[in-house]
Every structure is written in structure tokens, then in C-alpha cells.
Amino acid sequence: AMWPLKRAFDLAVSSVLLVLTAPLMAFCALAVKLTSPGPVLFKQERVSTDNIPFDILKFRTMKFVADPELQAKLDQKAQAVNLDDDRITSIGKFLRKSHLDELPQLWNVFCGEMSIVGPRPERPFFVDLHSDEIDGYQHRHRVPAGITGWAQVNGYWGDSSLEARVRLDNRYIESWTPVKDLVIGLRTIPTLLGKRR
């Protein structure tokens, strides 16, 4: 019965943030467009509630690959991209380090594909892989995927223990309250200044 309240919170917060960050997003989009060929936005299939796939949106930070088959192979090859990866553009390094590349995900939240707070969404290939290997992994998909989450604010992201992240994600879902989302949202602010995953 509480989940409609979570959706109302997401809709209100994403609406306000989309308006407030519009000038910043316009600047980021222009910077991407002027510094490398290819689209401004990067779209990648991820999995959210009930294993339903959706296209997550980010500002493109890597060199554009015109061949979709080659891009799919590159996507599957690396689960996490290091900032030293030579495929990252010069402006892409700044966007990743500052986390500004993730601003378009506010549109995913506004459309109901994601939540402000929830488990980080993963690609279908890795969802299948981890579901077979890690107990409780599928339970993360009881709620919409989030821009930030309980695991992230506790320092579990990037190359950190996936088992620990799954445990924290499921604990968050089972003990969810609107106040908890607010606390996680506020705790996310200082983590944005930390190391990029």
C-alpha cells in the first residue's frame, strides 16, 4: 500500500529536478555534441521491476561506435568502465567523475521506469548471470531500479562485493519507508564527490 506513495515522491522530485537542472543538462548536451561525433544520449537496456527491460539514459561519455553488433560486444565485455579507458572522451571523463552523465535518468524516473532510490539496474546479460550465481539477486526486482540506493550510500558500488550489494538492496526493500528514501537521497549528495564507479 505504501508503493504508490513512493511513486508520488519520485514524480514530485524528478519534476522539480528536471526543471532545476535543465540549463545544466543543456550545457552537458552541447559539450558532448561539440567534442565528439555521435548522439548526445547513450541508451542501454537495463532491467527494472519484474524483470521488465527499459532503456536507461545517460549523456554519452565514450567514443561513438556506429556498428551496433560491435557496440553490443563491447557492452557485454566490460561490466564496469575505468576512467582510464581510452574509449572515454575528454568531456566524458569530466561527466563521469562529476556524475553529471547520469542526469538524464531523471527522465527515466519521471516516466516511471526508475525510482530516485532503489537497487541499481543491471543489463539483462548480467541479470541472468548473477541470478544463477547469487542467492536473492532476483528479489531486487520487486521494486523499480534507482538512481541511488542503500548499497551506494554505504560505499558498495563499482568493484565492491555484489553479494553485499544484493543483501543491502533487499534489506532496503523489506524495511522501506518514505523517510528512508529521503535520508538516502540526502546521503547521496556527499557520495557524489567521491570516487566514480
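The values are calculated or read from the model by the stated rules, or taken from the named source; none is laboratory data. Since this is a predicted model, take the numbers as computed values, not measurements. Positions of Cβ are backbone-derived with ideal geometry, glycine not excepted, and every protein chain shown enters the neighbour counts. Only protein heavy atoms, including side chains, enter the accessible area calculation; ligands, DNA and RNA are left aside. Shrake-Rupley method; radii C 1.70, N 1.55, O 1.52, S 1.80 Å.
Would region 58-70 turn up any residue that is of a type in the set (S, T, N, Q), open to solvent by 50 Å² or more (accessible area, probe 1.4 Å) and modelled with pLDDT of 80 or more?
So far as region 58-70 goes, no, none of its residues is of a type in the set (S, T, N, Q), open to solvent by 50 Å² or more (accessible area, probe 1.4 Å) and modelled with pLDDT of 80 or more.
What tally of residues in region 16-55 results from selecting those that are of a type in the set (Gly, Ala, Ser), modelled with pLDDT of 95 or more and either over 17 Å from LEU100 (Cα atoms) or surrounded by 15 or more Cβ atoms within 10 Å (Cβ to Cβ) (or both)? Spell out how you get there, then give the answer.
Narrowing region 16-55 to residues of a type in the set (Gly, Ala, Ser): 22, 26, 29, 31, 36, 38, 48.
Subsequent filtering for residues that are modelled with pLDDT of 95 or more retains 22, 26, 29, 31.
Next, from what is left, pick out any that are either over 17 Å from LEU100 (Cα atoms) or surrounded by 15 or more Cβ atoms within 10 Å (Cβ to Cβ) (or both): 29, 31.
Final tally of qualifying residues: 2.
Does at least one position in region 117-126 carry a residue that is assigned to a helix (DSSP H, G or I), of a type in the set (Val, Ile, Thr) and crowded, with 18+ Cβ neighbours inside 10 Å? Working first, answer last.
If we filter region 117-126 for residues that are assigned to a helix (DSSP H, G or I), which is where we start, we get 124-126.
Cutting the leftovers down to of a type in the set (Val, Ile, Thr) gives us none.
No: zero hits.
If I ask for residues that are within 19 Å of the chain's Cα centre (by Cα) and part of a loop (DSSP other than H, G, I, E, B), which ones from region 1-38 would you list?
THR21
Given the structure, is ASP135 open to solvent by 40 Å² or more (accessible area, probe 1.4 Å), over 30 Å from ALA22 (Cα atoms) and not in a helix (DSSP H, G or I)? I'd like the intermediate steps shown before the answer.
Details: open to solvent by 40 Å² or more (accessible area, probe 1.4 Å): yes; over 30 Å from ALA22 (Cα atoms): yes; not in a helix (DSSP H, G or I): yes.
Answer is yes for this residue.
Among (1) over 29 Å from LEU34 (Cα atoms); (2) more than 15 Å from the chain's Cα centre (by Cα); (3) modelled with pLDDT under 90, there is one condition GLN152 misses while meeting the rest; what is its number?
Just one mismatch for GLN152, condition (2).
What pairs come up if the first residue lies in region 122-133 and is closer than 22 Å to LYS43 by Cβ and β-branched (Val, Ile, Thr), the second is open to solvent by less than 90 Å² (accessible area, probe 1.4 Å) and not in a helix (DSSP H, G or I), and their beta carbons are under 6 Å apart, counting only those six or more places apart or on different chains?
VAL127/VAL47
So which residues in region 1-52 are among the small types (Gly, Ala, Ser) and more than 16 Å from PRO104 (Cβ to Cβ), if there are any at all?
We begin by selecting, within region 1-52, every residue among the small types (Gly, Ala, Ser); these are 1, 8, 12, 14-15, 22, 26, 29, 31, 36, 38, 48.
Once the filter is applied, which keeps residues that are among the small types (Gly, Ala, Ser) and more than 16 Å from PRO104 (Cβ to Cβ), region 1-52 yields ALA1, ALA8, ALA12, SER36.
Being at pLDDT 90 or above, within 13 Å of GLY38 (Cβ to Cβ) and open to solvent by 30 Å² or more (accessible area, probe 1.4 Å) is the filter here; which residues of region 71-102 pass it?
Across region 71-102, the qualifying residue is only ILE91.
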